[in-house]
1. Would you order 162, 168 from fewest to most other beta-carbon atoms within 10 Å of each residue's own beta-carbon?
2. So what is the relative contact order of the stretch 84-216, in percent, for Cα pairs below 8 Å that sit 6 or more residues apart?
3. Sorted from fewest to most neighbouring beta carbons within 10 Å, what does the list 74, 49 look like?
4. Please find the FRET efficiency linking residue 200 to residue 56, where r is the Cβ-Cβ separation and R0 is fixed at 35 Å, and quote it to the nearest 0.05.
5. Lys and Arg at +1, Asp and Glu at -1: add these up for the other residues within a Cβ distance under 12 Å of residue 194 and post the number.
6. Please compute the modelled spin-label separation between residue 129 and residue 112, points set 7 Å along Cα→Cβ, answer in nm with one decimal.
7. In nm, what is the difference between 0.36 nm times the number of residues separating residue 45 and residue 68 and their Cα-Cα distance?
8. Nearest 0.05, what FRET efficiency do residue 137 and residue 30 give at R0 = 30 Å with Cβ-Cβ as r?
Amino acid sequence: MTSNTVCAEISPLAESEFAVCARLLRALSHIVRGDLSVITNDLTYLSAIAPPEELERPRARCASAATTLGKVNIITGSMSLDGVSLSAIVRELGGAFEVESELVRGDSRKLAWMGQTLRGLIGGLVVGSITRDSRDSRVIECYAARSADRGSRAGSLSDARYGSLGEYASRELGEREVVEASLVDLVFHAFTWRLDLESDATGVALRIVVPLENKRR
């Protein structure tokens, strides 16, 4: 059997990048939740013999880890790419204007979570316009002014450009925000959407390129 024959035989069973990552995250989540359960039970036992204040920090860390695992669970399920309307995407990103209801590659079950998460990471996000990138894709342009309470940890910023939300979060928001940002990136990849992000001292601008499904809703 040649190598080409092997590739031909396994290719129909090949999984998407999203499916592989989702399985990995599901397994890791299961393992870590089991470990957290053991630690939490031990803390409950220790609370009977130790001063409560000595256990506050480990309990808080366990609660924080459980919250992070809860965020990961959003993408451990299956994904359907039946399509979502361009107008639905604009609404989930906080846009208040109507657009032509063209169908875009995506999963409606993940869209609401993705919009909420994106707006949470980049506060004050506003949809500015929808433009034509080509006959088969559209560009959603968004921006957010940088407020004093959401300033970059880098302090005074020079212009920066990022190709992913995770890279932006790592550089400007802190590592605790990278988990959700990277999950959004993973969903973007599954949708075959493309994100360009520019940041400076005044704010953040996003350019989201979405492919059309060549049919209308």
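Each value in this text was obtained by applying a stated rule to the coordinates, not by laboratory testing. Remember, it's a predicted structure, so these values are computed and weren't measured experimentally. Cβ coordinates were reconstructed from backbone atoms using ideal geometry, including for glycine residues, and neighbour counts include every protein chain displayed.
1. Starting with the residue having the fewest Cβ neighbours, the order is 162, 168.
2. 29
3. Fewest to most other Cβ atoms nearby, the residues stand as 49, 74.
4. 0.30
5. My count for the surroundings of residue 194 gives 0.
6. Result for the modelled spin labels: 3.2 nm.
7. Going from the current span to full extension adds 5.8 nm.
8. My answer for the efficiency is 0.20.
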